Structures are given as C-alpha cells and as structure tokens.
Amino acid sequence: MTDRYAVIGHPIGHSKSPLIHAMFARASGQDMAYTAIEAPLDGFADTVHAFRASGGRGVNVTLPFKLQACEMATEPTARARLAGAANCLKFEEGGRTLADNFDGVGLVNDIQRNLACPIAGKRVLLLGAGGATRGALQPIAAERPALLAVANRTPEKAHQLRHDFAAHAPLQTGGYETLLGQSFDVVINATSTGLSQDRLPLPEGLFAPGALAYEMVYGKGLTPFLKQAQAAGVARVADGVGMLVEQAAEAFLWWRGMRPDTGPALTTLTVPLV
Ligand code: NAP
C-alpha cells in the first residue's frame, strides 16, 4: 500500500516540499505519496489528527505551526525541544508522535556539503533571533566554529538565546551596533528581510576576506542582504534553497530509512542569484 505523507502549513500553496519528496520517492523507488494540506489557523492539531486517522505516516510542518508541532509530540527530540519547534512528525504505533527539527541540520549540510564551506574554526554570525536561528544554533555549534554570534534588531531576543543555549554553545549576542569592528567568515541572514526587502544595518568590514553570505529565504534572487554582501566584495553568496532541500532529505531518511540524492532537486529548484 502507498504510504502517505504531507506538509501542513498556512498558507501552503507556495510549498516546494511535494515536488522535492516526489523527486526523492521516484529516484529511490519508494511507494509513497506526499501532498500539501492547508490547516486553518486555529486547527493545526485537528488537521494532524485527521491526516493520521486516514492512514498518514508523518508530516512536515511549516509556518506558523512549528511550535505547536513540538508541543503536540509525545516524543520530541532534544534538538526539537531546544529549538522549541519541530518541522517534522512521525506517527508510530500506540499513539506515539515523534518530532524533530531538521532545519538546522539542513542548513549545516548545505553550507558544508553543497557549498564546500567547513564551519569548524570559522567565525559564524546569525542575523535574526527568531525560530530559524533557534533551530540553527545547536547544529552549527556542533561543528565547532571559533565563534558563534547572534545579532538581532531586538537585542533582548538574542540575549534570551544566549541564556537558553548556554549549555550547548557560548554565544555572543547583541544588537547590530555591537558588530562594529568585527568580521565573520560565514554570515547567515535568518531574518525575514529577504521577503520584506528591508535593508539590515550591517557595519563596514563585517565580511572577512573569502566570506560566505547565506540568505535563508530562497527563490527571491538577490535579496537586499545578498546585494549588501556583494557590494562589500563578497563573491560567495547563496540562498536557502539548499537548506530546504537538505532538511527534506533528513525527513525522508527519518521516515524511509534511506538518504536520497539531493542533487536533482537542487538543480530543479535553484533560481539564479541575479
Ligand atoms: P521569525 O521567527 O518571524 O523571526 C524573524 C526575524 O527577523 C526576527 O529576528 C526579527 O527581528 C527579524 N526581522 C524582521 N524584520 C526585520 C527588519 N526589518 N529588520 C531587522 N530584523 C528584522 O522568522 P523565522 O521563522 O526565524 O524565519 C526567518 C526567515 O528564514 C524567514 O524568511 C523564512 O522564510 C526563512 N526560513 C527558511 C528556511 C529554508 O528552508 N530555507 C527554513 C526556515 C526559515 P525582531 O526579533 O527584532 O522582530
């Protein structure tokens, strides 16, 4: 029988996950179907229960339900608990609901494998202190950067992360003004400015020679952050399409027990950065 999976969000029409998982399933010969489901804003749990009752084996979860997904799980992983959010659920016998968060490991795999940029020993900066940064911190810290810093418009939210992650990574946190005089080898834009087209107040000299500028938003071409990076002389720029594909690969591995080749999905979904 065909195993059924889905991505649940609101809105969901834009989701590339059905395409990515269909490519993975076809290439690996897995008998599975993967659909997109839009849950009402006040109906996430009901939507999950209904999908499960109809034979669903697991779901990906996207905005704005990642926090609720973690809360409703009977067994969230340590990294999902630390992030306070889950982007993947797996349904097991006996009503067990497992939850994990693959966004951070997807980001790390994209940076290290696809972009050939090892994190160990590097100075890494995350811009933004929302859910995406929360999910990325522990996987990045596990790669042993020389420094891991978080800058946010609302500095208190960055400081809160330093407190919450104290047992996992010594974080440098603050507002954008605290970045003055510092430079970083990997700068990741985890704010939502890639969608709003706002410019971030990045100080001169922020990008070290040979730095990678990584925009988590994908499919938008050169966002203001990537344009700022290029104007500062950065040659290595990337958007978050690889993060999306790599987190999907982690979910596929978790559900199906096999790692798919991410190359074809990456090629299909990559939009030139111009
Ligand atoms: P979020 O929880 O809403 O956090 C948004 C962050 O952006 C906050 O730190 C906020 O700062 C900051 N921000 C918003 N507008 C700003 C502005 N004009 N100037 C400076 N900072 C601003 O969002 P999220 O879940 O972390 O997601 C962040 C981005 O990552 C989204 O665009 C999302 O699409 C992308 N993302 C991509 C993937 C992928 O697979 N590629 C996965 C997850 C997320 P304040 O705290 O000061 O409000």
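The values are calculated or read from the model by the stated rules, or taken from the named source; none is laboratory data. Since the model is a prediction, treat every value here as computed from it, not as a measurement. A quick note on method: Cβ atoms are made from the backbone with ideal geometry, for glycine too, and the neighbour counts reach across all protein chains shown. Accessible surface is based on the protein model in full, side chains and every heavy atom, while ligands, DNA and RNA are left aside. Shrake-Rupley method; radii C 1.70, N 1.55, O 1.52, S 1.80 Å.
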State whether the residues of segment 16-25 include one that is farther than 18 Å from Lys90 by Cβ, surrounded by fewer than 17 Cβ atoms within 10 Å (Cβ to Cβ) and without any contact (Cβ under 8 Å) to a residue 60 or more places away in the chain. yes
Can you name the residue in segment 220-241 that is open to solvent by 60 Å² or more (accessible area, probe 1.4 Å), within 18 Å of Val271 (Cα to Cα) and at pLDDT 95 or above and is also farthest from the ligand (Cβ to nearest atom) among such residues? Ala235
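Let's see how each residue does on (1) in the same structural domain as Leu137 (by TED's automatic domain parsing); (2) within 14 Å of the ligand (Cβ to nearest atom); (3) surrounded by fewer than 24 Cβ atoms within 10 Å (Cβ to Cβ); (4) free of Cβ contacts under 8 Å to residues at least 12 places away in the same chain:
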{"residue": "Ile37", "(1), (2), (3), (4)": "no, no, yes, no"}
{"residue": "Pro40", "(1), (2), (3), (4)": "no, no, yes, no"}
{"residue": "Ala50", "(1), (2), (3), (4)": "no, no, yes, yes"}
{"residue": "Pro64", "(1), (2), (3), (4)": "no, yes, yes, no"}
{"residue": "Ala73", "(1), (2), (3), (4)": "no, no, yes, no"}
{"residue": "Gly84", "(1), (2), (3), (4)": "no, yes, yes, no"}
{"residue": "Leu89", "(1), (2), (3), (4)": "no, no, no, no"}
{"residue": "Arg96", "(1), (2), (3), (4)": "no, no, yes, no"}
{"residue": "Asn109", "(1), (2), (3), (4)": "yes, yes, yes, no"}
Please go through segment 111-133 and give me each residue that is more than 18 Å from Leu206 (Cα to Cα), of a type in the set (A, V, I, L, M) and away from the ligand (no atom under 13 Å from the Cβ), ordered by number. Leu115, Ala116, Ala120
What number of residues in segment 111-138 are closer than 15 Å to Val245 by Cα and open to solvent by 20 Å² or more (accessible area, probe 1.4 Å)? 4
Take segment 179-219 and flag every residue that is within 16 Å of the ligand (Cβ to nearest atom), assigned to a loop (DSSP other than H, G, I, E, B) and surrounded by 16 or more Cβ atoms within 10 Å (Cβ to Cβ). Ala190, Thr191, Leu200, Leu202, Leu206, Met216, Val217, Tyr218
